[in-house]
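What follows is a single structure, written as structure tokens, with notes after it.
The values are calculated or read from the model by the stated rules, or taken from the named source; none is laboratory data. Here the structure is a predicted model, which is why all the values come from computation and not from measurement. Every residue, glycine as well, gets a Cβ built from its backbone with ideal geometry; the counts of neighbours run over all protein chains shown. Side chains are part of the model used for accessible areas, which takes the heavy atoms of the whole protein and leaves out ligands, DNA and RNA. Shrake-Rupley method; radii C 1.70, N 1.55, O 1.52, S 1.80 Å.
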There are 2 protein chains.
Amino acid sequence: MSIEKVVIVGSGPAGLTAAIYAARAALQPLMFEGFNAGGLIPGGQLMFTTDVENYPGFPEGVMGPTMMQAFRDQAERFGTRFIREDVRKVDFSKRPFTLESDEHNVQAHAVVIATGARANWMGLENELRLAKSGGGVSACAVCDGALPIYRDQDLVVVGGGDSAVEEGSYLTKFAKMVYLVHRRDQLRASKTMQQRFFKLVEEGKMKPVWDSILVDVHGDQSITGVRLRNVKSDELRDLNCKGLFLAIGHTPNTELFKESLELDDKGYVKPPNPGNTYTNVEGVFAAGDVVDHTYRQAVTAAGTGCMAALDAERWLAAQGLE
Amino acid sequence: MSIEKVVIVGSGPAGLTAAIYAARAALQPLMFEGFNAGGLIPGGQLMFTTDVENYPGFPEGVMGPTMMQAFRDQAERFGTRFIREDVRKVDFSKRPFTLESDEHNVQAHAVVIATGARANWMGLENELRLAKSGGGVSACAVCDGALPIYRDQDLVVVGGGDSAVEEGSYLTKFAKMVYLVHRRDQLRASKTMQQRFFKLVEEGKMKPVWDSILVDVHGDQSITGVRLRNVKSDELRDLNCKGLFLAIGHTPNTELFKESLELDDKGYVKPPNPGNTYTNVEGVFAAGDVVDHTYRQAVTAAGTGCMAALDAERWLAAQGLE
């Protein structure tokens, strides 16, 4: 069995950018682009995104799947090989590393992990349908908040942590009112973020809806409202809105690596040094949302994907493994 | 005088991506896109680049100036305002910060510095002309090394430090022979990089040309060779080649900030924490090649530009300055 120079796991912006750079560095990368692990498909989260307006280079915007096809074409053009399967098992305890999918068993000198993270959803049928169709349901205010459909409208954010307040606060720039729906009667958010929240409430920009959970989403082409259930009284309530933002966390796709790599308490890959893409296992690099709690943008993922390929290339050269 | 929420200095991939994100966050960014400081023009180093093949999203490649126009159009579409002047003076010692150009005096709550770095050149007329026209002269092997014009050709790298060996080593993947031209009779590179160099020499992939400096570049449409002068014997020698890569360092464009911000020993902005874009001055953020010794790619600069805008937005929100 021949040993691959570099194997990339994951095919979102981070993985495909790593592939473009690794391929141009003549490393003939092999990519496991995945099949359906973590509820994702090849191309990653952007395959479920309609308009991408903030990836630089596309002034008129671009559809998520169109953009990911362009990334993939570019990686392929320079010689990336693709396996459309999920990796089932890895062994990073000795080099060369091994990676197994249903039909392949691969050895690799270097590995780039770019399996991403997935936004958490309530799992309601109409919530998921409208999220996929661009009907006013989103898990990313920074990505979607500036869209015209949300201007001067009533919006709902679900969640009670720092990122729920952050997303809500971001949306107040555009919205008429941002309702924060939380299942408890107080926030989990940090003190600073709570202060920010209550200041926005005072200013008439946000309003809490305590003790409530989302039980249904109304709307056909686009959202018209949400149904909430009060967890104390069991009362149902309909709230009209033109946008719904889920802010109930993300789950990094690291189940596969939990025995092999150091992860943080939320399950993200934990890089020993945030200035590069090394992991705690020499020869294994990580890029994109699988390491990123904070920014989660296509362009930040692409940037770290590039870094991972260059880190891997230089590491391989230093080992004499090219 | 009104106070700007965020002022961005520099208009390469980092600055324009920061502008896209800041504009979409309704911060109405104001950008000093520069005029000719540091030998650069608005758009930055890519304005002197012909084919960009590795920026993800353009599978057929894109011309550098075309790409930067797309970035600028996108930033403008969301409301960025531009001043086509160089900043002459900054005061970061008190908030709001002040920035002065020839015709403008601006106050800002937050500043994003994205002034980039410039590759060092010998300054020969034909060297600069062929670098600008895509005639086989470059200062970035990772960017350009994979182009077909360099395949199986004799290439020349000028320099004697780690990055000269790194660029040369990278080029051996494509070249027939890589000549390393250095003005001394030994490398400045680290021991590890010297070992890598001499291994490549043994393998017949690289060859040193000691005690020599580049004094002329031959070629009309594209490079055909270089003229070298031996600094000990003063002898002139012509060396045929199809590519010339300058690896004699970069100069970060930080002259303007040397009294105001902490810089490292090479003049780059020194971020206290490499995982974000904060500088040592609260409210001043930095992104792109002005902080990056290592990767220097359009997509890595764009990624950190996005981070800087999000860091600035969150910092402003936390200060109640939005």
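Could the peptides B:63-71, A:39-47 be put in order, highest first, of the mean number of other beta-carbon atoms found within 10 Å of their residues?
Order by mean packing, descending: A:39-47, B:63-71.
Would you mind computing, in nm to one decimal, how far apart the modelled labels at A:Glu262 and B:Glu202 are, each placed 7 Å from Cα along Cα→Cβ?
Calculated label separation equals 3.4 nm.
Just to confirm my understanding: which cysteines in chain A have no other cysteine beta carbon less than 4.7 Å from their beta carbon?
That list is A:Cys241, A:Cys306.
Roughly what % antiparallel, to the nearest 5, for the DSSP beta bridges in the protein assembly as shown?
That works out to approximately 45 percent antiparallel.
If you take the square roots of the eigenvalues of the alpha-carbon gyration tensor of chain B and sort them as a ≥ b ≥ c, do you get rounded (a/c under 1.5), prolate (a/b over b/c) or oblate? The partial results should precede the final answer.
Numbers: a/c = 2.27, a/b = 2.00, b/c = 1.14.
Taking the square roots of the gyration eigenvalues as a ≥ b ≥ c, chain B is prolate.
Which order do B:Asp220, B:Asp311, B:Asp91 take by accessible area at a 1.4 Å probe, largest first?
Accessible-area ranking of B:Asp220, B:Asp311, B:Asp91, largest first: B:Asp220, B:Asp91, B:Asp311.
Accessible area per residue for the stretch A:1-137 in Å², computed with a 1.4 Å probe and the full protein assembly in place, what is it?
Ligands and nucleic acids excluded, the result is 39 Å² per residue.
Determine the sum of side-chain charges near B:Leu124: Lys and Arg each +1, Asp and Glu each -1, restricted to other residues whose C-beta is under 11 angstrom from that of B:Leu124.
Local charge sum for B:Leu124: -1.
Which whole-number percentage describes the relative contact order of chain A, with Cα contacts under 8 Å and a sequence gap of 6 or more?
The value is 21 percent.
Can you pick out the pairs among A:Lys173/A:Lys242; A:Lys205/A:Lys242; B:Lys89/B:Lys266; A:Lys176/A:Lys199; A:Lys173/A:Lys199; A:Lys5/A:Lys270 whose Cα atoms lie more than 19 Å from each other?
Among A:Lys173/A:Lys242; A:Lys205/A:Lys242; B:Lys89/B:Lys266; A:Lys176/A:Lys199; A:Lys173/A:Lys199; A:Lys5/A:Lys270, the Cα-Cα distance tops 19 Å for B:Lys89/B:Lys266; A:Lys5/A:Lys270.
How crowded by other chains is B:290-300, given as the mean number of beta carbons from other chains within 10 Å of each beta carbon?
5
Within 10 Å of each Cβ in peptide A:144-157, how many partner chain Cβ atoms are there on average? Round it to a whole number, please.
Across A:144-157, the average partner-chain Cβ count within 10 Å equals 1.
Determine which residues of the stretch A:148-180 fall in the zone a paramagnetic label at A:Thr50 would reach in this model, i.e. backbone nitrogen under 13 Å from the point 7 Å along Cα→Cβ.
In the stretch A:148-180, the label zone of A:Thr50 (backbone N under 13 Å from the point 7 Å along Cα→Cβ) covers A:148-150.
Skipping prolines and chain starts, which residues have an amide H placed within reach, meaning under 5 Å, of the one on B:Val217, given they are 5 or more residues away or on another chain?
Placed amide hydrogens put B:Asn126, B:Glu127, B:Arg227 under 5 Å from B:Val217.
How charged is the neighbourhood of B:Lys242? Take every other residue with its Cβ under 11 Å from the Cβ of B:Lys242, and add Lys/Arg as +1 and Asp/Glu as -1. Write out the running numbers ahead of the final one.
Numbers: positive: B:Arg151, B:Lys176; negative: B:Asp152, B:Asp154.
Surrounding charge for B:Lys242 is 0.
When the Cα atoms of the protein assembly as shown are enclosed in a convex hull and the volume is divided per residue, what value in Å³ results?
Numbers: hull volume 96.9 nm³, N = 644.
Cα-based convex hull of the protein assembly as shown, divided per residue, equals 150 Å³.
Name the trypsin sites (Lys or Arg not before Pro) in the stretch A:1-87 that are in a loop by DSSP and that have at most 14 other C-beta atoms within 10 Å, would you? Don't skip to the end; give the middle numbers.
Details: sites: A:Lys5, A:Arg24, A:Arg72, A:Arg77, A:Arg81, A:Arg84; in loops: A:Arg84.
Sites meeting the loop and neighbour criteria: A:Arg84.
Among the GluC sites (Glu not before Pro) in the stretch B:101-201, which ones are in a DSSP loop with at most 13 other Cβ atoms within 10 Å of the Cβ? Mind listing them?
Counting only loop positions with at most 13 other Cβ atoms within 10 Å, the GluC sites (Glu not before Pro) in the stretch B:101-201 are B:Glu103.
Give the separation of the Cα centroids, the stretch B:96-126 to the stretch A:49-93, in Å.
Here the two parts' Cα centres lie 34 Å apart.
Rounded to the nearest 500 deg cm²/dmol, what is the calculated helix-only ellipticity per residue at 222 nm for chain B, with -39500 (n - 2.57) per DSSP H run of length n ≥ 4?
Taking each H run of at least 4 residues, the total per residue is -8000 deg cm²/dmol.
Tell me the trypsin sites (Lys or Arg not before Pro) within the stretch B:100-155 that lie in a loop according to DSSP and have at most 16 other beta-carbon atoms within 10 Å.
Filter output for the stretch B:100-155: B:Arg151.
Please find, among residues of chain B, the one with the beta carbon closest to the rotation axis relating it to chain A, distance in whole Å.
B:Gly303, 1
Tell me, how many Å apart are the Cα centres for the stretch B:239-315 and for the stretch B:157-210?
First find each Cα centre; the distance between them is then 26 Å.
Need one number: % antiparallel among DSSP beta bridges in the stretch B:121-246, to the nearest 5.
In the stretch B:121-246, DSSP labels about 45 percent of beta bridges as antiparallel.
Check which residues have an amide H placed less than 5 Å from A:Gly145's amide H, if you skip close sequence neighbours.
Excluding prolines and chain starts, which carry no amide H, there are no hits.
Rounded to the nearest 5, what % of the DSSP beta bridges within chain A are antiparallel ones? Intermediate results must be reported in sequence, preceding the final value.
On the way: 27 of 57 bridges.
Just about 45 percent of them are antiparallel.
Count charges around B:Asp91 for me, please; just the other residues with Cβ under 12 Å from its Cβ, Lys/Arg as +1, Asp/Glu as -1.
+2
Let me know the mean shielding of B:303-315 by other chains, meaning the per-residue number of their Cβ atoms within 10 Å of its Cβ.
Other-chain Cβ atoms within 10 Å of each residue's Cβ, averaged: 5.
Under the rule a/c < 1.5 gives rounded, and otherwise a/b versus b/c splits prolate from oblate, where does the stretch A:121-246 land using the Cα gyration tensor?
Working: a/c = 1.70, a/b = 1.15, b/c = 1.47.
Cα axes put the stretch A:121-246 in the oblate bin.
Suppose each label sits 7 Å from its Cα in the direction of the beta carbon; what would the A:Gln319-B:Arg314 distance come out to in nanometres?
Using points 7 Å along Cα→Cβ, the separation is 3.3 nm.
Round to the nearest 10 and give me the degree value, 0 to 90, for the angle of helix A:298-319's Cα axis relative to the longest principal axis of chain A.
Here the helix axis deviates by roughly 20 degrees.
Put a dot 7 Å past each Cα toward the Cβ at B:Asn280 and B:Arg188; how far apart are the dots in nm?
Placing both labels 7 Å along Cα→Cβ, they lie 2.4 nm apart.
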